[in-house]
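Notes for the one structure printed next.
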Amino acid sequence: QVQLVESGGGLVQPGGSLRLSCAVSGADFARYAVGWHRQAPGKQRELVAAFASPLITNYGDSAKGRFAISRDNTKNTVYLQMNSLKPEDTAVYYCHLQIGSAGYWGQGTQVTASS
């Protein structure tokens, strides 16, 4: 059974930083595409950053230059370092794992950038 558990969200002032973690169990983590998406109220879910393959990363336009995705295959964990956070980054952030045609999502973690 594949499970994804996110952590690290919270309230931060604009300009601040957070690091999200996603622990994956039940899958050979190192082989698959894994990443982060987010969904703000009233908006569609969008890509933030992802490993399309073990060595290839993709970033959404809003994340380029401010966010960095990384992974530790020994811990089956993927991270999202978010710097220079803006109010418009406020959203629920979801971890996603793609295994063939099956996609798996975590429960999400709330990130709020507000003064």
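When N counts the residues of the chain, how does its alpha-carbon radius of gyration compare numerically with 2.2 N^0.38 Å, as a ratio? Don't skip to the answer; put the middle values down first.
On the way: Rg = 13.3 Å, N = 115, 2.2 N^0.38 = 13.4 Å.
Against the empirical 2.2 N^0.38 Å value, I get 1.00 for the chain.
For the options 20, 47, 11, a Gaussian network treatment of the chain with springs between C-alpha atoms closer than 10 Å singles out 11 as fluctuating the most. Taking amide hydrogens as placed 1.01 Å from N in the peptide plane, the amide H of residue 16 sits under 5 Å from those of 85, each at least 5 positions away in sequence or on another chain. Percent of C-alpha pairs per 10 Å bin in segment 1-63, short distances first: 17, 46, 32, 6.
Each value in this text was obtained by applying a stated rule to the coordinates, not by laboratory testing. Because the structure is a prediction, the values reported are computed rather than measured.
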